[in-house]
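Visitor: Just passing along the structure, written as structure tokens.
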Amino acid sequence: MIFTALILAAAAPADAVPKARQAYAGCLTQYTNDAVDRKMAKDEFLAGLKTKCADKEEKFRAALTTADKADGMSDKETAADVEDQVKGYMDQMTDNFASGG
């Protein structure tokens, strides 16, 4: 019984990541698609990209941080992983915007 509870508790941090990832990526994709449809200027797009989904980015960062720490990663490794993943989404959306969606 205790073993099962420990397994469920250990799985919880990782379980939050897919949901937070989907919400963040979905928000960024919607923003990018809308920006392309409206023919938004690149500077305006880039400024909005950093702020439009800030609440979902914060939740994504928190979920990743919790999961990475639960996996035994150091503070430095966790910070690098979180930054790399967020940067990856930002880069992908910038590329998608540049190519017209």
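The values are calculated or read from the model by the stated rules, or taken from the named source; none is laboratory data. Note that the structure is a prediction, hence the values are computed from the model and not measured. Note that we place each Cβ from the backbone using ideal geometry, even for glycine, and neighbour counts take in every protein chain shown.
Visitor: Could you pull out the residue among Ala5, Ala14, Ala41, Ala54 that is loosely packed, with under 12 Cβ neighbours inside 10 Å and at pLDDT below 95?
Guide: Working: Ala14 fails: loosely packed, with under 12 Cβ neighbours inside 10 Å; Ala41 fails: at pLDDT below 95; Ala54 fails: at pLDDT below 95.
Only one candidate qualifies: Ala5.
Visitor: For the range 51-101, give me the residue count where each residue is without any contact (Cβ under 8 Å) to a residue 12 or more places away in the chain, within 23 Å of Lys19 (Cβ to Cβ) and among the basic types (Lys, Arg).
Guide: Qualifying residue count, the range 51-101: 1.
Visitor: Another question, if that's okay. Tell me which of these Asp68 doesn't satisfy, since it passes every other one: (1) among the acidic types (Asp, Glu); (2) within 17 Å of Phe97 (Cβ to Cβ); (3) crowded, with 18+ Cβ neighbours inside 10 Å.
Guide: Tallying (1) among the acidic types (Asp, Glu); (2) within 17 Å of Phe97 (Cβ to Cβ); (3) crowded, with 18+ Cβ neighbours inside 10 Å, Asp68 fails exactly one: (2).
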